[in-house]
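Below: one structure, written as structure tokens.
The values are calculated or read from the model by the stated rules, or taken from the named source; none is laboratory data. Nothing here was measured: the structure is a model prediction, and the numbers come from that model. All Cβ positions, glycine included, derive from the backbone under ideal geometry; neighbour counts span all protein chains shown. These area figures cover heavy atoms from the full protein model, side chains too; ligands, DNA and RNA do not enter into them. Shrake-Rupley method; radii C 1.70, N 1.55, O 1.52, S 1.80 Å.
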Amino acid sequence: MADLSRLHILVLDDNAHMIYIVRTLLHGFGIREIRDTRDAAEALDIIRHETVDIVFSDYEMDLLDGLEFTRMIRTAKDSRNRYVPIILLTAYTERSRICEARDAGVTEVCAKPVTAQQLWQKMSAVINHPRPFVKSKTYFGPDRRRRIKSSYRGPERRHANLEPLGEGEGYSARDSSGL
């Protein structure tokens, strides 16, 4: 098992019992630096002022839900860590909700009830296989493509329109107008 003791994790969920479950699983993986909160505004403040390597966020919360929270991290002018992996925890796993989460900039989705195996797989994915980030007029976040269809030849074929964002930051996708 990899040494995860140096990771700094933030858990955001309005349910104290779910925070306890996630914390317990993360401790079992050897993670010691875990901050948690039931308030999205406090979570944003933590991300602005502290080192956070991975965020676990609930989907359904009062005032500011997990998708709005993700959008704020990805697009706010004062966001200190726009590239932080965000793993969304949700009991709502309908395809439309998963697509909505993906389009908000969520890195991975973990279905509730959360299991140790699922949590490990999602963490492993963001640590061992990080996806490049993409910036366009309407989106900033991890590359949403899971499969690359080499047969696609249309005007939106991304690999032909990629420009580097910067060292280790991914790519910017220009639209078909070349902007």
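Brief remarks follow.
- Between SER96 and ALA16, residue separation times 0.36 nm minus the direct Cα-Cα distance comes to 26.1 nm.
- Estimated dipole of the stretch 2-113 in Debye, rounded to 20 [Cβ of Lys and Arg +1, of Asp and Glu -1, Cα centre]: 360
- Using a simple spin-label model with pseudo-atoms 7 Å out from Cα toward Cβ, GLU68 and ARG144 lie 2.1 nm apart.
- Rounded percent of accessible protein surface that carbon and sulfur make up, the stretch 1-51, 1.4 Å probe: 49
- Rounded accessible area per residue of the stretch 1-138, 1.4 Å, Å²: 53
- Tail beyond 26 Å, pair distance distribution of the stretch 1-119 (Cα, percent): 12
- THR24 versus ASP103: modelled label distance in nm, points set 7 Å from Cα along the beta carbon direction: 3.7
- Under-5 Å amide H pairs with MET61, H placed in peptide plane, nonlocal only: GLY66
- Taking label points 7 Å from Cα along the Cα-to-Cβ direction, ILE127 and ASP78 give a separation of 3.2 nm.
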